[in-house]
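Student: Provided herewith is a single structure, encoded as structure tokens, for subsequent inquiry.
The values are calculated or read from the model by the stated rules, or taken from the named source; none is laboratory data. What you see is a predicted model, and the numbers here were worked out from it, not measured in a lab. Neighbour counts are summed over all protein chains in view; Cβ atoms, including those assigned to glycine, are modelled from backbone coordinates with ideal geometry. Accessible surface is based on the protein model in full, side chains and every heavy atom, while ligands, DNA and RNA are left aside. Shrake-Rupley method; radii C 1.70, N 1.55, O 1.52, S 1.80 Å.
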Amino acid sequence: ATTLGASAAQTGRYFGTAISAGKLGDSAYTTIAAREFDMVTAENEMKLDATEPNQGQFNYSAGDRVANWATSNGKRLRGHTLAWHSQQPGWMQNMSGSTLRTAMLNHVTQVATHYKGKIYAWDVVNEAFADGSSGARRDSNLQRTGNDWIEAAFRAARAADPAAKLCYNDYNIDDWSHAKTQAVYSMVRDFKSRGVPIDCVGLQAHFNSGNPVPGNFTSTVSGFAALGVDVQITELDIQGSGTDQANKYRTVVNACLAVPRCTGITVWGVRDSDSWRASDTPLLFDNGGNKKAAYNATLDAL
Ligand code: XIL
């Protein structure tokens, strides 16, 4: 096949991109996005600060622009994200305890209900574990409401949209030997054993020179999948250029293809200039929308 989405579909997988509502008027951007990808994640528009700017007042205008673009272009939609310590609205940042717990669960219920039936998978909880060797939860206002906040969020999401796959999503869980990876693994295993509704693990996969694609990346993908969950690579971008970057993309694609339950890959933007870390030139298209070596390697590997 001649596009990323069609090539991924040959093995029953998807290939997606993050989409920014503010760029949907840029035809160079939408032409590439419409042609190449078959899954869409809103880069910021479904986050907590965007969807509930004032408590109890929900704003779906930007999220719906992304969702409607996906629908009208025949693409599936990944929801990102219902509960997260970052990009919270101001009112939530100032909340704690049972008031915050209730507000968080209401947010999960309301947003998942609004998008019910339209979402392939939700990143229900994002980035809840600490970096480093502790294997601990990340400290946050949500964590301080009690260790069971994550499972409470998953149960609320399942009740609101039973058809959506429910994922835990994080970064720096790509190296199987790292404490953070093993801590997430233990949580997912515990959820599966107790019947907490979880269907998938999202590996963000933001790679750079200080955080390279680990040599055991395939083991990580297969390790999570062995728990009986799907795995998706959800926010892929890789600092670099030329053949070196291309080989790294090839490695990541091959890791997903090696694991039957790795169901798809999403890159975190279209052109390098669209990236949240544009100076790393981490994506598959250059600023002019031309296919990079990394694109050719990715298409070839799929
Ligand atoms: C980033 C967006 O790309 C930026 O536009 C925004 O300013 C900050 O958030 N992990 C995630 C994503 O789960 O939501 C983040 O997206 C990148 C890191």
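Student: Over segment 250-302, give the accessible area per residue in Å² for a 1.4 Å probe, as an integer. Don't skip to the answer; put the middle values down first.
Tutor: On the way: 1940 Å² over 53 residues.
Spelled out: the 1.4 Å probe surface of segment 250-302, per residue, equals 37 Å².
Student: Here is a further query. Just read off the accessible area of His85 with the full protein assembly in place, 1.4 Å probe, to the nearest 10 Å².
Tutor: For His85, the solvent-accessible surface is approximately 60 Å².
Student: Hey, got the Cα dimensions of segment 184-229 along the principal axes, in Å, largest first?
Tutor: So the three principal-axis extents are 39, 16, 14 Å.
Student: Mind putting together the pair-distance distribution for the chain? All Cα pairs, 20 Å bins, whole percent per bin, short to long.
Tutor: 36, 60, 5
Student: Using the beta-carbon distance between Asn211 and Lys23 and R0 = 30 Å, what value does 1/(1 + (r/R0)^6) give for FRET efficiency, to the nearest 0.05?
Tutor: Numbers: r = 27 Å, r/R0 = 0.89.
Computed FRET efficiency for Asn211 and Lys23 comes out at 0.65.
Student: Taking a probe of 1.4 Å, how large is the accessible area per residue of segment 100-148, in Å²?
Tutor: Working: 1960 Å² over 49 residues.
Result: 40 Å² of accessible area for each residue.
Student: What distance in nm separates the simple spin-label points at Arg277 and Ser193, each placed 7 Å from Cα in the Cβ direction?
Tutor: 3.5 nm
Student: Could you give the semi-axes, largest first, of the ellipsoid that matches segment 109-201, computed as the square roots of 5 times the alpha carbon gyration tensor eigenvalues and rounded to whole Å? Mind dumping the intermediate values first?
Tutor: Details: eigenvalues 110, 39, 28 Å².
Square roots of five times the eigenvalues give 23, 14, 12 Å.
Student: A further question follows. If you take every residue apart from Gln87 with its C-beta less than 12 Å away from the C-beta of Gln87, what net charge results, scoring Lys and Arg +1 and Asp and Glu -1? Display every interim value, and only then the final one.
Tutor: Working: positive: Lys47; negative: Glu43, Glu45, Asp49, Glu52, Glu127.
Result for the local shell: -4.
Student: I've got another one for you. Please report, in debye to the nearest 20, how large the charge dipole of segment 101-253 is about its Cα centre when each Lys and Arg carries +1 at its beta carbon and each Asp and Glu carries -1 there.
Tutor: Numbers: 15 positive and 16 negative charges, 94 e Å.
With only Lys, Arg, Asp and Glu charged at Cβ, the dipole is about 460 debye.
Student: How big is segment 243-286 in terms of Cα radius of gyration and Dmax, in angstroms?
Tutor: My reading of the Cα-based Rg and Dmax gives 11.8, 34 Å.
Student: Something else: Specify whether the C-alpha gyration tensor of segment 136-182 places it in the rounded, prolate or oblate class, a ≥ b ≥ c being the square roots of the eigenvalues: rounded for a/c under 1.5, otherwise prolate if a/b is larger than b/c and oblate if not. Could you put the intermediate results ahead of the total?
Tutor: Values: a/c = 3.25, a/b = 1.37, b/c = 2.37.
Verdict is oblate for segment 136-182.
Student: What are the lysines whose alpha-carbon lies under 22 Å from the alpha-carbon of Lys180, with same-chain residues fewer than 8 places away excluded?
Tutor: Correct list for Lys180: Lys192.
Student: Could you give the distance between the Cα centres of segment 5-50 and segment 126-164, to the whole Å?
Tutor: 26 Å
Student: Just to verify a number: what accessible area does Ser98 come out at with the full protein assembly present, 1.4 Å probe, Å² rounded to tens?
Tutor: Its accessible surface works out to 90 Å², give or take rounding.
Student: OK, next. Quote the charge dipole size of the chain about the Cα centre in Debye, to the nearest 20; the model charges only the Cβ of Lys and Arg (+1) and of Asp and Glu (-1).
Tutor: Working: 28 positive and 29 negative charges, 130 e Å.
With Lys and Arg at +1 and Asp and Glu at -1, about 620 debye.
Student: Subtract the Cα-Cα distance of Thr102 and Gln87 from 0.36 nm times their separation in residues, and report this length gain in nm to one decimal. The partial results should precede the final answer.
Tutor: Working: separation 15, 0.36 × 15 = 5.40 nm, distance 1.82 nm.
Gain on extension, Thr102 to Gln87, equals 3.6 nm.
Student: Can I ask one more? For segment 123-271, what log10 I(q)/I(0) values come out of the Debye formula at q = 0.12, 0.13 1/Å, with one point per alpha carbon and no solvent?
Tutor: -0.49, -0.57
Student: So which aspartates and glutamates can Lys116 reach, going by Cα to Cα under 18 Å and dropping same-chain residues fewer than 8 places off?
Tutor: Glu45, Glu52, Asp64, Asp161, Asp199
Student: Percentage of Cα-Cα pair distances in segment 4-162 greater than 23 Å, rounded to whole percent? Working shown, then result.
Tutor: Details: 5221 of 12561 pairs.
Across segment 4-162, Cα pairs with separations above 23 Å total 42 percent.
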